[in-house]
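The values are calculated or read from the model by the stated rules, or taken from the named source; none is laboratory data. No experiment lies behind these values; they were computed from the predicted model shown. Here the Cβ positions follow ideal geometry from the backbone for every residue, glycine too, while neighbour counts run over all protein chains shown. These area figures cover heavy atoms from the full protein model, side chains too; ligands, DNA and RNA do not enter into them. Shrake-Rupley method; radii C 1.70, N 1.55, O 1.52, S 1.80 Å.
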Amino acid sequence: MIKRALFILVALIPCLTFAQRDLGEWKSYSRYTKVTQMEQTPDKIYYLSGNSLYSYDKNTNESYTYTSLNKLSDNTINSIYYNNNGKYLFIAYQTGNIDLLYDDGKVVNISNIKDAVLTFSPNIVDVAFSGEYIYIATKFGLVVYDESKQKVKTTGIYNKEISFVTCVGDNIVVDQNHALYYIHKDGDFNSFNNFTQISSGYWMLDMEGLNNNMLLFRTTGKSIYIFELNFSNNSYKRI
């Protein structure tokens with residue numbers, strides 16, 4: 001209900017009008033289509049529309065358009081994710097480029113995936129946060145980024161898509177080809193052979209770790225399940 005109310009609120013934000021500008025001065029105009037994704041922070045609502053990023057300030061009722069002419073490092077955004085603990089918005093572009101937009105307005109660019117020479121698409125498909133680390137699922141594998149040091153910790157080039165990633169206790173759980181695999185956070189991410197399969201046969205649309213051993217996920221059949229994962233004996237129970 002809250003999500004729906006926020007979507008309605010965003011949809012009612014009018015397109016901004018601008019006064020006449022001096023000759024030769026460029027201005028970016030907002031073009032709203034349908035809202036495809038939304039993330040809420042304590043002060044703002046960020047939302048994607050037409051692969052462009054906008055925000056609505058809950059305190060001032062003001063709207064803001066983010067472009068490469070003001071805050072951003074790239075164009076054509078694929079997806080956004082908000083880190084409540086780190087207080088930043090993770091912005092993923094079609095090129096594999098990444099921006100971290102912090103609540104204080106600072107922007108940090110992460111261009112490692114964009115600049116890498118890859119045989120697979122650099123598209124980012126999912127993101128999970130745990131402590132200072134960002135786990136980035138891509139079309140080619142998994143990238144672990146250390147946000148506190150602002151550098152890539154490790155890159156797992158598996159030449160296979162990791163569809164979803166989440167944190168369940170001390171383990172990182174991923175979906176690859178409709179099967180769930182896991183690895184300890186301190187494990188070796190360089191090879192996919194180091195992951196352990198724990199289940200298969202579920203076509204997922206989204207998943208989220210709930211606590212040390214619970215995984216919530218939604219399937220293409222419009223069903224929602226909870227798995228109780230037992231990492232010690234590599235088993236699960238569907239609740």
Charges at C-beta only: +1 for Lys and Arg, -1 for Asp and Glu. How large is the resulting dipole of the chain about its Cα centre, in Debye rounded to 20? 560
Along the charge dipole of the chain, Cβ charges K/R +1 and D/E -1, which of TYR56, GLY105, SER130 sits furthest on the positive end? TYR56
What does the charge count around SER79 come to, taking other residues whose C-beta lies under 11 Å from its C-beta (Lys +1, Arg +1, Asp -1, Glu -1)? -2
Answer label, with P(r) over Cα pairs in 5 Å bins from 0, in percent calculated from the coordinates and candidates (i) 1, 7, 15, 20, 22, 18, 11, 5, 1, 0, 0; (ii) 1, 6, 12, 14, 14, 13, 11, 9, 8, 6, 4, 2, 1, 0, 0; (iii) 1, 6, 13, 16, 17, 16, 13, 9, 5, 2, 1, 1, 0, 0: (iii)
Once you compute Rg and the Kirkwood Rh from C-alpha atoms, what is the Rg to Rh ratio for the stretch 55-179? 0.98
CD proxy at 222 nm, helix term only [per DSSP H run n ≥ 4: -39500 (n - 2.57); per residue of the chain; nearest 500]: -1500 deg cm²/dmol
Along each of its three principal axes, how wide is the spread of alpha-carbon positions in the stretch 100-239, in whole angstrom units, largest first? 42, 36, 30
Rough spin-label spacing in nm, given labels placed 7 Å along Cα→Cβ, for ASP115 and ASN59: 3.5
For the chain, modelled as a GNM with alpha-carbon contacts under 10 angstrom, which of VAL165, VAL107, VAL117 fluctuates the most? VAL117
Semi-axes of the equivalent ellipsoid of the stretch 152-202: what are they in whole Å, largest first, if each equals the square root of 5 times a C-alpha gyration tensor eigenvalue? 17, 13, 9
Which entries of LYS44/LYS114; LYS34/LYS106; LYS44/LYS139; LYS71/LYS160; LYS114/LYS160 show an alpha-carbon separation above 22 angstrom in the structure shown? LYS44/LYS114; LYS34/LYS106; LYS44/LYS139; LYS71/LYS160
Along its three principal axes, how long is the stretch 99-162 when you only count alpha carbons? Whole Å, largest extent first please. 36, 22, 18
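How much accessible area per residue does the chain have, in Å², with a 1.4 Å probe?
Result: 54 Å² of accessible area for each residue.
Go through 86-95, 230-239 and give me the packing order, highest mean Cβ count within 10 Å leading. Walk me through the numbers before you get to the answer.
Details: 86-95: 20.8, 230-239: 10.9.
Order by mean packing, descending: 86-95, 230-239.
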Share of the chain's accessible area from carbon and sulfur, percent, 1.4 Å? 47
